[in-house]
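Visitor: I have a structure I would like to understand better, so I am pasting it below and will then ask my questions one at a time.
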Amino acid sequence: MSRPADHRSVRRVVLPSGKTIEVLYFQANPAPVEHSAAVSETEGLHVCPSCASKLVAPVAWEEAGSAHWDVTLHCPNCDWLGSGVFAEALVERFDEELDRGTEALVRDLQRLMRANMEDEIDRFVAALGADQIWPMDF
């Protein structure tokens, strides 16, 4: 994926409502794009070839034939950026890994929300017990 001379990139994002928007990114000094040779297909596309982080995410991907995908990858830990054309089976494994990561984040978020709500309830019950809640508080 080549960048225009003014260092812009466009990313299409699908919102939960199903609506698709395009986000335009500007970058003062774009990092050079490395090629897929650095990506270990045995470890998976989610593993950074630079720092071994397992948090690599797709920046863009599009079909590159009937059984291949052109994918641009980014590591948030070391800011590595790479791209290449990969077999559909490898991209499907990457997509499954992204789904597992999303599910883990959602589970953690739900646990955090529950813990916060339990804490708020405990404080509210304690305030009621100490007669610190007045009608004007509502």
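Visitor: Distance in nm between label sites at ASP79 and ARG12, each 7 Å beyond Cα in the beta-carbon direction?
Guide: In this crude spin-label approximation the distance works out to 2.9 nm.
Visitor: A follow-up question, please. For GLU96 and ALA64, compute 0.36 nm times the residue count separating them, minus their Cα-Cα distance, and round to one decimal in nm.
Guide: Working: separation 32, 0.36 × 32 = 11.52 nm, distance 1.96 nm.
My answer for the length gained is 9.6 nm.
Visitor: Right, here's the next one. Roughly how many nanometres apart are two label points built 7 Å out from the Cα toward the Cβ at SER53 and ASP122?
Guide: 3.3 nm
Visitor: Something else now. Find out how many positive minus negative residues lie around GLN132, taking Lys and Arg as positive, Asp and Glu as negative, among other residues whose Cβ is under 15 Å from that of GLN132. Intermediate results must be reported in sequence, preceding the final value.
Guide: On the way: positive: ARG123; negative: GLU120, ASP122, ASP131, ASP137.
So the surrounding residues net to -3.
Throughout, read-outs are computed from the coordinates displayed, never taken from laboratory work. Keep in mind that this is a model prediction, so the values were computed, not measured. In this analysis, Cβ positions are derived from the backbone assuming ideal geometry, glycine residues included, and neighbour counts consider all displayed protein chains.
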